[in-house]
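Data first, discussion second: the structure below is written as structure tokens.
The values are calculated or read from the model by the stated rules, or taken from the named source; none is laboratory data. None of these values were measured; they are calculated from a predicted model. Cβ atoms come from the backbone with ideal geometry, glycine included; neighbour counts cover every protein chain shown.
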Amino acid sequence: MNELVSVMNELMSIKPVVLWSDVLIYILVVSLGLFFYQLSKNPLARQRWRTVFHSRAGVASFIVILFYLLIALLDSLHYRAPLEKTEGSDEVHYSQEVHSLLDVVLTELRNKDEKTYSAPFAIYSFAKENMQTDDGVVYRDFPRLANAGQHLESAAEHGMDIFVRSMKALLVAAFISAVIIGLHIAWRKRQHSLQSGLAGVRTLPWGTIYLTLSVLVLSCCWVLELSKVYHILGTDKVGQDVLYWSIKAIRTGVLIGTLATLLTLPLAIVLGISAGYFKGWVDDVVQYIYTTLSSIPGILLIAASVLLIDVYIETHPEQFNLVAVRADFKFLALCFILGMTSWTGLCRLLRAETLKVSQLDYVQAAHAFGVGHNRIIFRHILPNITHIILIALVLDFSVFVLAEAVLSYIGVGVDPSMASWGNMINEARSELSRDPVVWWSVAAAFVLMFVLVLAANLFSDRVRDAFDPRSA
Amino acid sequence: MLAYIIRRLLYALPILLGVNLLTFALFFMVNTPDQMARVQLGDKHVSAEAIEQWKAQRGYDKPLFINTAENSEGLLTDTIFFEKSARLFVFDFGKSDEGRVIGADISERMWPSLAVALPTFIIGISVNIVFALFVVMFRASVFDTAAMVLCVVLLSISGVFYILAGQYFFAKLWHLVPISGYLGGTDAIRFLILPVIIGVVAGIGGGTRLYRTLFLEEANKDYVRTARAKGVSETAVLFRHILPNGLIPILTSVVVVIPSLFMGSLLIESFFGIPGLGSYTLDAIQAQDFAIVRSMVFLGSVLYILGLILTDISYTLVDPRVRLS
């Protein structure tokens, strides 16, 4: 109870920090919600979404993506904690460090720094140190870690302890999953008996959904339980928990995947539709713009623009009072530039589709009735090309997540102070040439990134199959 | 044909001019030479004279577009735009900010780039076509499904991991090839094996999947059904009918990247220490040498546009129904 009160007190005294990317991601989530609400009124679209969610791969990958998105959203509510008051001053100063709601959940991981590298689940450090016995003899050995396996009397209990804790996590996870699934099945039974007249309606693949949820619950429980006393994925060069940083990197990955497309989406839609609809000189100008932009090698355009942003930040330090604000500015700029290199493809597709749609009879009929351009575009053309936008959105997602890793490696990616898989891989180059090899941070980045990209790829395949008439 | 090519080349001029103006705006107007000098010189040596001297040495002390101080001849030519950007049109790249001749560097570093990129390209396409054909042979079977799942898995792995894993296992653990580096002549082969293998493997997932779709599209056409109906064996259908016709979209779709092979790969070259154009560009990016980056952007655009023209020509070569107009 006391703990709760102190947590509440702490919450009251914090200072919220709103980063631009936070605002954008929440706007994005809200507008996606609205978009799907609108879509649910359209019977054809509902039919198509149904085929996406009725496939096992589609629904499983969707749940995984939602899980990543949830973490990213938690990590997008930032605040600055107040510092201890100095003597004789009532003014409250706030920490220079910006934390997020996710950091509160992962407090235990964040505050358990070691001195340097340590292997996953290790209780001894990676590097030997000079130590003294009680009678003053200096010897050299691997010291025990400060924050891992403290409760163990000897190394012999190590394996057993991990096993016991894993079993405990398994039991808890099984219990939680069983409750959720049980409740849901009971609810479905009731629903089913209510509409028993509708026989033969295909239902969602609930088995797959339950399985995916259980796996997610299990991994959460396991991670939370074992991370209390161990560094599950070891620690990095300066002793920070690798698991914590790779979870923090989820926000970067998810945001870059979504924002990069969305920031330049209006440009692609407006230019693509006007080129296809108005034709003539508008078409020529738009075609010229996208041919020119797409003929510049993407990676060079990105590199050049990021260099310029670096110069801008260096020459205008007064605009960026916090490290997080600077990193966020650079991050958004990177998203925008990534979008700039990719919107041309979407614009070309939209132009071609608009050309096709605007020749259709009902559009011609609308013209004959004297309906205005705006109305024709919004009522007759836009709804018929949304599937192209949707496919581009999901297809580009994984491309951008992968691109971030490459760009950060080249040195034109996100700010080095920002947690990202690319930055972790960048470190890995020197770590892999160590002896014994430090493999865990690159492995962590690999696994988390691979799961996200695989889920995104599987989901986009299903969406494309459902919405693209050509590939069917 | 010749008239068409000439017209296309003329059409490329406004696009290149656009590229040129865009990069010029990025490099000189958003980011003035003063700021560049300040960053290059570092905080310690910044003084008005030092900046002026740095700019004068590199020819950045002229007006951007119009030099009002000069008479009619130098009005447009004695400016940064003419000196630094317009000259790119005749492939006069000038000097880098470090003072090296960029043109000479490019022609020297082109060959190692090509030595990696060309084998990767050719072997990659052949391997992908063979795999795709193999999958199509067993289409709509468990093998097909398994192969497609494997492809999605392969293409979900970042290219960086292929390189890291390849270097770790083949070079560090098993000592089969050197980790990185480059030598001229036949010694180069030792250094090229691993980058080429990794380049090929990293492309298998995406390539096989794409080519399978193209082959399947061909397999569903009427003439294939007719061939089967008249009793042609399944192997003959695959190799005599589907393969040659499926190759057309595949080959015409890869033509566009052929000129760009000269540019090399940023990632592979820098990981393996190959002194090609990719690592040249990367070094320039990291050293913030804008003169080199600008030249490479221009060169890349030229090669891309060349690729587009080659694509159009290749269409007419493989499909007589397509007329260039």
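Structural remarks
- Any hit, region B:219-228, residues being small (Gly, Ala, Ser), over 28 Å from B:Val130 (Cβ atoms) and in contact (Cβ under 8 Å) with a residue 40 or more places away in the chain: no
- Condition broken by A:Gly422, with the remaining ones in (1) within 12 Å of another protein chain (Cβ to nearest Cβ); (2) in a loop (DSSP other than H, G, I, E, B); (3) crowded, with 22+ Cβ neighbours inside 10 Å satisfied: (2)
- Qualifying residue in region A:264-286 (condition: at pLDDT 90 or above, of a type in the set (S, T, N, Q) and out of contact with any Cys (no Cβ under 6 Å at 6 or more places or on another chain)): yes
- Any chance A:Val463 is more than 10 Å from chain B (Cβ to nearest Cβ), within 21 Å of the chain's Cα centre (by Cα), surrounded by fewer than 19 Cβ atoms within 10 Å (Cβ to Cβ) and at pLDDT 85 or above: no
- Test: B:Val237 is in a helix (DSSP H, G or I) and away from chain A (no Cβ under 12 Å): yes
- Residue in region A:112-128 that is at positive phi and touching a residue at least 60 places away in the same chain (Cβ under 8 Å) present: yes
- Checking each residue in region A:23-66 for being in a helix (DSSP H, G or I) and among the basic types (Lys, Arg) picks out A:Arg46, A:Arg48, A:Arg50, A:Arg56.
- Restricting region A:362-416 to residues that are outside any helix (DSSP H, G or I) and surrounded by fewer than 18 Cβ atoms within 10 Å (Cβ to Cβ), the residue that is modelled with the highest pLDDT: A:Phe369
- Scanning region B:148-168 for residues that are more than 8 Å from chain A (Cβ to nearest Cβ), within 16 Å of B:Leu267 (Cβ to Cβ) and not hydroxyl-bearing (Ser, Thr, Tyr) yields a total of 3.
- Subset of region A:289-335 that is in a loop (DSSP other than H, G, I, E, B) and at the interface with chain B (Cβ under 7 Å from one of its Cβ atoms) - its residue that is farthest from the chain's Cα centre (by Cα): A:Ile296
- Yes/no for B:Val135 being modelled with pLDDT of 70 or more, of a type in the set (Val, Ile, Thr) and either loosely packed, with under 13 Cβ neighbours inside 10 Å or at positive phi (or both): no
- Any chance A:Gly276 is in contact (Cβ under 8 Å) with a residue 24 or more places away in the chain, within 14 Å of chain B (Cβ to nearest Cβ) and assigned to a helix (DSSP H, G or I): no
- Considering B:Ile122, B:Ile189, B:Ile197, the condition of being out of contact with any Leu (no Cβ under 9 Å at 6 or more places or on another chain) and crowded, with 17+ Cβ neighbours inside 10 Å is satisfied by B:Ile197 alone.
- Considering only residues in region B:284-306 that are of a type in the set (Gly, Ala, Ser) and at the interface with chain A (Cβ under 7 Å from one of its Cβ atoms), the one that is surrounded by the most Cβ atoms within 10 Å (Cβ to Cβ) turns out to be B:Ser301.
- So A:Ala260, is it buried (at least 22 other Cβ atoms within 10 Å of the Cβ), at pLDDT 85 or above and touching a Gly at 6+ places or on another chain (Cβ under 8 Å): yes
- Among all positions in region A:401-408, there is at least one residue which is among the acidic types (Asp, Glu) and in contact with a helix residue (DSSP H, G or I) (Cβ under 6 Å, 6 or more places away or on another chain).
- Qualifying position, being within 30 Å of A:Tyr290 (Cβ to Cβ), of a type in the set (Asp, Glu) and assigned to a helix (DSSP H, G or I), among A:Glu431, A:Glu353: A:Glu353
- Test result for B:Ala188, under 30 Å from B:Leu299 (Cβ atoms), in a helix (DSSP H, G or I), within 14 Å of chain A (Cβ to nearest Cβ) and in contact (Cβ under 8 Å) with a residue 12 or more places away in the chain: no
- Evaluation of B:Ile197 against (1) under 18 Å from B:Gly276 (Cβ atoms); (2) assigned to a helix (DSSP H, G or I); (3) within 11 Å of chain A (Cβ to nearest Cβ) (one fails), failing number: (3)
- Among the residues of region B:251-283, those that are polar (S, T, N, Q) and either in a helix (DSSP H, G or I) or surrounded by fewer than 19 Cβ atoms within 10 Å (Cβ to Cβ) (or both) comprise B:Thr252, B:Ser253, B:Ser260, B:Ser270, B:Ser279, B:Thr281.
- Residue match in region B:163-175 (condition: assigned by TED's automatic domain parsing to the domain that holds B:Ile268, surrounded by fewer than 17 Cβ atoms within 10 Å (Cβ to Cβ) and not in a helix (DSSP H, G or I)): yes
- Yes/no for A:Arg429 being within 30 Å of A:Ser305 (Cβ to Cβ) and surrounded by fewer than 16 Cβ atoms within 10 Å (Cβ to Cβ): yes
- For region A:118-161, a tally of residues being among the hydrophobic types (A, V, I, L, M, F, W, C) and assigned to a strand (DSSP E or B) returns 2.
- The residues of region A:434-472 that are outside any helix (DSSP H, G or I) and either touching a strand residue (DSSP E or B) at 6+ places or on another chain (Cβ under 6 Å) or more than 16 Å from A:Asp396 (Cα to Cα) (or both), listed by number, are A:Arg434, A:Asp435, A:Pro436, A:Val437, A:Val438, A:Trp439, A:Pro469, A:Arg470, A:Ser471, A:Ala472.
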